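What follows is a single structure, and I will ask about it in a moment.
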Amino acid sequence: MLLQSIDDRAAVWIATHRFAPLNDIFVWLGYLDKVGAVWVVLAVVVGVTLRLGVIPTATLALLAGAAAFAADSACFGLKDVVERTRPFVAHPQVDPLYVVHSSSFPAGHAATAVAGATLLSYIAPRGLLGFFLLAVAIGYSRVYVGVHYPSDVLAGALVGAVVGFIAIGVWCWIRESNTRLGEAFTNIKAKKTDRGADIALLGRSHR
C-alpha cells in the first residue's frame, strides 16, 4: 500500500507540476517512439555510421523493429491481465495532454525505448549514453503527459530490457551464422582452386 501510495502521489505531482514550454516536447517524444519507429531509424544511422554494409544494416533495422514490436506486444498482453486504471481516470486532478484508452500497466513506450536502446548500445557502445538518455526521456514523458504511473514505466523498462537482450542474442547468432557461411564458401572456393591446380599439374606431367 505504501509503494502504491508513493506511486500515485508521484504520478499526480509530476502531471500537475508541468512546465508549459516543455509540454509539446514531451508529447512529441510519445509520437517519436510510436511502435518503436525511432529505433528503426537510429538502427539505420548506426549501420551507416559504422559502415556495416547494406545487408547488415537492413538486418539491424529489421531486428530493431522486431524488438520494438515484441516489447510492445508483451506489454499489451500484460495490460489485458492487469487492467490498471490510467492516472487521469483514477485522479481527476490529472489533466492528460492526450488521451489513450488501453489500461496503464506496463508502459509500452518505455518497453520499446529500452529494447531499442539496449540493442543499439551493444552494436554501438559509444552511443550508449545517448540511446539511454532518449529512452529515459521517453519513459518520463509517459508520466509527464498524465497517462502512466512511474511503476508502469519501470515495469515497461524491465520488459524492454529482456527483449533487448534477446535481440542481442539473435544479432550475435545471425553474425555467427553468416561468418560460418562465409567460411564454408571460402573453403569450397579453395577446394575448387586446389582441384584446378591438381588438374593443371596432371596435364603437364602427361606432356
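Order of 161-169, 74-82 by packing, highest average Cβ count within 10 Å first? Present the calculation step by step, with values, prior to reporting the outcome.
Values: 161-169: 19.4, 74-82: 15.3.
Result, highest mean Cβ count within 10 Å first: 161-169, 74-82.
Given a Förster radius of 45 Å and the C-beta distance between Val35 and Ser5 as r, what FRET efficiency does 1/(1 + (r/R0)^6) yield to the nearest 0.05?
Working from the Cβ atoms, E equals 0.85.
Shifting gears a bit: Considering amide H positions built from the backbone, and no H for Pro or chain starts, which residues 5 or more places from Arg84, or on another chain, come under 5 Å of its amide H?
Residues meeting the amide H criterion: Ser104, Phe105.
Take the alpha carbon gyration tensor of the range 2-181, find the square roots of its eigenvalues, order them as a ≥ b ≥ c, and report rounded if a/c is under 1.5; if not, report prolate when a/b exceeds b/c, else oblate.
Prolate, because a/c is 1.5 or more and a/b exceeds b/c.
Summing -39500 (n - 2.57) over the DSSP H runs of n ≥ 4 in the chain and dividing by its residue number, what mean residue ellipticity at 222 nm do you reach, to the nearest 500 deg cm²/dmol?
Calculated mean residue ellipticity at 222 nm is -27000 deg cm²/dmol.
How far apart, in nanometres, would the label points at Thr49 and Trp28 be if each is projected 7 angstrom from Cα along the Cα-to-Cβ direction?
2.0
Now a separate question. Tell me which DSSP H helices of the chain clear both cut-offs, 30 Å or more of axial length from alpha-carbon atoms and a mean Kyte-Doolittle hydropathy of at least 0.5.
Taking the DSSP H segments of the chain (at least 30 Å long, mean hydropathy at least 0.5), we get 54-82.
Moving on. Could you calculate the contour length gain from Ser73 to Phe132, that is, 0.36 nm times the residue separation minus the distance between their Cα atoms, to one decimal place in nm?
Length gained between Ser73 and Phe132: 19.1 nm.
In nm, to one decimal, how far is the modelled label at Val89 from the one at Glu176, with both set 7 Å along Cα→Cβ?
Rounded to a tenth, the inter-label distance reads 4.5 nm.
Read the figures in this text as sums done on the coordinates, not as results from a lab. None of these values were measured; they are calculated from a predicted model. Counting neighbours? That spans all protein chains shown, and the Cβs are built from the backbone with ideal geometry, glycine included.
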